[in-house]
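Comments concern the structure below.
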Amino acid sequence: MVVTPFRSQSNRNRRRIERFTKAKHMAKHMAINSRIFSFLKTLGISLGVGITLGAMILLIGPPKNEGLTISIMHTNDFHARIDQVTFDGSRCRPKDAAENKCYGGIARQIALIKKLRETEPNPLLVDAGDRFQGSLFYNSYKSAVLKPFVFLAGYQAMTLGNHEFDDGPEELARYLNNFSIPVVSATIDASKEPLLVGKWRNSTIVTVGNASGLGFDRNTIQDRRIGVIGLTTPSTATAAKPGPNLRFLDPVKAARDAVAELQAQGVKRIIALSHLGLGEDEKIAAQVDGIAVI
């Protein structure tokens with residue numbers, strides 16, 4: 001198990017990198033306890049983690065010649081950072097750029113995603129929410145400025161963060177209209193919100209790898225299916241403006257139900273795409289069987 005720090009675009013991610021300097025901290029930070037490590041061992045999966053451009057990249061791979069190698073590219077809390085910034089998150093000025101002191105931005109992020117897709121086996125690109133809010137781009141153009149880049153990056157599954165609800169169901173509905181990427185959140189019941197009903201599901205199934213492309217592991221399509229469940233923090237009900245019609249569910253029960261749905265379809269490898277926070281992630285890891293990675 002190795003931990004490699006990359007450059008980050010904010011102080012918060014710098015502190016996160018510092019917490020990652022020793023591999024023993026990974027289990028707590030990623031909320032993978034001994035039960036899930038045992039499950040990983042059963043599947044023949046090992047972990048490596050790096051932070052880059054305000055995103056988290058996990059490379060999930062088995063010991064040599066065993067099982068399935070999956071390269072998970074994971075982003076979260078993008079917060080409409082379309083443009084590059086300095087290390088402390090402030091505006092990147094020409095002088096900063098000339099001195100190579102600027103980081104992040106959507107151009108770097110998509111360039112890195114493209115590179116990893118070309119070099120890593122069975123890439124899987126997911127986002128854990130909070131793409132809304134946080135820059136003048138969002139203040140001026142709202143979700144319209146984000147949507148084209150999500151499609152350009154080629155995300156395969158996404159969940160919702162609390163900030164996706166800052167401008168109410170109306171803005172989120174505009175974002176999710178004609179949205180071809182699977183959006184998952186097992187903790188939000190939208191059945192009574194006309195603007196959002198049917199816009200997401202509890203989970204989705206993604207097939208990684210290509211028989212004629214990089215990273216084909218000679219597994220059947222069945223064996224290369226990855227289940228992804230979404231978990232949005234219930235605190236969204238009071239921290240944002242979701243409106244009166246959404247119902248936020250208990251994360252542990254919601255996760256168990258979503259895992260059971262995937263297992264009933266024969267899915268063996270399940271990822272929890274979480275926007276709950278570390279403490280709740282630890283509860284999920286301790287109380288929900290069947291999840292390989294959070």
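The values are calculated or read from the model by the stated rules, or taken from the named source; none is laboratory data. Given the structure is predicted, the values throughout are model-derived calculations rather than measurements. Every residue, glycine among them, receives a Cβ derived from its backbone with ideal geometry; neighbour counts consider all protein chains shown. Heads up: the accessible areas ignore ligands, DNA and RNA and are worked out on the full protein's heavy atoms, side chains in. Shrake-Rupley method; radii C 1.70, N 1.55, O 1.52, S 1.80 Å.
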Expressed to two decimals, region 67-197 has a Cα Rg over Rh, using the Kirkwood radius, of 1.01
At R0 = 22 Å the Cβ-Cβ FRET efficiency linking K192 and A264, nearest 0.05, sits at 0.25
Share of accessible surface on carbon and sulfur in region 159-294, whole %, 1.4 Å probe and ligands ignored, is 48 percent
If the chain between T119 and S180 were fully extended at 0.36 nm per residue, the gain over the current Cα-Cα distance would be 19.4 nm
The aspartates and glutamates whose Cα lies under 17 Å from the Cα of K268, excluding any fewer than 8 residues away in the same chain, are E66, D217, D223, D257, D289
Karplus ³J(HN,Hα) for region 130-139 (6.51 cos²θ - 1.76 cosθ + 1.60, θ = phi - 60°; Hz, whole; x = Gly/Pro) runs 6, 7, 7, 6, x, 8, 5, 4, 5, 4
Long-range amide H partners of C92, meaning residues 5 or more apart or on another chain whose placed amide H is closer than 5 Å, are T86
For the E99, D250 Cβ pair and Förster radius 45 Å, calculated FRET efficiency rounded to 0.05 is 0.35
In Å², rounded to a whole number, the accessible area per residue of region 74-134 with probe 1.4 Å is 45 Å²
The percentage of the accessible area of region 65-136 (probe 1.4 Å, all protein chains present) made up of carbon and sulfur atoms, to the nearest whole number, is 52 percent
